[in-house]
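Student: One structure coming up, written as structure tokens, with questions to follow.
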Amino acid sequence: MEKEKITALFERFENACYLYEGVECWSAREMQEILGYAKWDNFVNVIEKAKKACENAGEVISNHFADIGKMIELGKGGVREVGDFALTRYACYLLAQNGDPSKEAVAFAQTYFAVQTRKQEIIEQRLLDIARVSTREKLSKSEKKLSGLIYERGVNEASFALIRSKGDQAFFGGFSTQDMKHKLKVSESRPLADFLPTLTLKAKDFATELTSHNVVEKDLKGEKLISEEHIENNKAVRKMLLERGVKPEQLPPSEDINKVKRRLESEEKKLLKEVKKIQKGNKKDKND
């Protein structure tokens, strides 16, 4: 397809969007024309296939294909029902996937939605990666804060390591830090937290912050009292997770946090290059 046609189809599709009960939607009647179907009856077959695909994906059909058919007046006082649906963006994607690829507009739509879906997946994964790295860094800061706090209360580095280990054992239902490393196949030289999922990291961070708070509030001193406090806090957080159906020791390991960091850094460099390229192009255009 020529660039002009692609641009026109893209604009036509995006401009056809409207809000239906607060949701971004498209009229099936307009999609019929956009996708190059001359007859509504032929397009209805595509809609039915798309509905079936929607159902097979575990989605509620009515959430994506809202029946908005209406009665219109004909000559001599007659009326006739005109079928139509309010389609979500996902429904439009399913229509494209189930349309006739020999139609130029359908072929474009299939490519368009494939690209948009991929972009969305990349964005979502990046957000998840950033959240996990941020949470891991937050846990490190919380542990350093607790370490410094209890150092002033008669607990040395070796004792802090023991306190943290006992906290892990309480949190993971009896599994020690070493047990969890073996279970998740984590190298002995690496911190267990570098391979834990975001949920687990946040839960451990909460337990650590609770300990820091209560050490000050209760004016706790010495390894025994602080260790007991940390164990109880980890048990309390574990209890909350169990009540929500989550057993932290059964969650699968996540990707090495160092690999995630390197991927984010690489993507950042690529983004900066693209920005510089665009800026360079803009300057060139101004000078021409």
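Student: List the pairs from 204/259; 145/270; 119/247; 183/218; 119/141 whose alpha-carbon separation is above 25 Å, in the order I gave them.
Tutor: Pairs exceeding 25 Å: 145/270; 119/247; 183/218; 119/141.
Student: Of the peptides 219-226, 87-94, 121-128, 168-175, how do they stack up when ordered by the mean number of other Cβ atoms within 10 Å, highest first?
Tutor: The densest-packed peptide leads the list: 87-94, 168-175, 219-226, 121-128.
Student: So, one more: How big is the dipole moment of segment 124-262 about its Cα centre under a simple scheme where the beta carbon of each Lys and Arg is +1, that of each Asp and Glu is -1, and everything else is neutral? Debye, nearest 20, please.
Tutor: Once rounded to the nearest 20, the dipole reads 320 debye.
Student: Using DSSP H assignments, which helices in the chain have an axial alpha-carbon span of 20 Å or above and a mean Kyte-Doolittle hydropathy of -1.0 or higher?
Tutor: Those that pass (Cα extent of 20 Å or more, hydropathy at least -1.0) are 40-56, 104-151, 157-171, 198-217, 223-243.
Student: Let me ask you something else. Treating only the Cβ of Lys, Arg, Asp and Glu as charged (+1, +1, -1, -1), what charge dipole size does the chain show about its Cα centre? Round to the nearest 20 debye.
Tutor: Approximately 1000 debye in magnitude.
Student: Summing -39500 (n - 2.57) over the DSSP H runs of n ≥ 4 in the chain and dividing by its residue number, what mean residue ellipticity at 222 nm do you reach, to the nearest 500 deg cm²/dmol?
Tutor: -22500 deg cm²/dmol
Student: State the extension gain, in nm to one decimal, for the chain segment bounded by residue 52 and residue 251, taking 0.36 nm per residue of separation less the distance between their alpha-carbons.
Tutor: Between residue 52 and residue 251, full extension yields an extra 68.3 nm.
Student: About the Cα centre, and with charges only on the beta carbon of Lys, Arg (+1) and Asp, Glu (-1), how big is the dipole of segment 3-112? Nearest 20 debye, please.
Tutor: Roughly 240 debye for segment 3-112.
Student: Please report the antiparallel percentage of the DSSP beta bridges confined to the chain, to the nearest 5.
Tutor: 100 percent
Student: Could you work out the relative contact order of the chain? I mean the mean sequence separation of Cα pairs under 8 Å and 6+ apart, divided by the number of residues, in percent.
Tutor: With pairs under 8 Å counted, the relative contact order is 15 percent.
Student: Answer with one residue from 18, 158, 57: the one whose Cα lies farthest towards the positive end of the charge dipole of the chain, charges on Cβ with Lys, Arg +1 and Asp, Glu -1.
Tutor: 158
Values in this text are rule-based calculations from the coordinates and carry no lab data. Not measured: the values here are computed from a predicted model. Cβ coordinates were reconstructed from backbone atoms using ideal geometry, including for glycine residues, and neighbour counts include every protein chain displayed.
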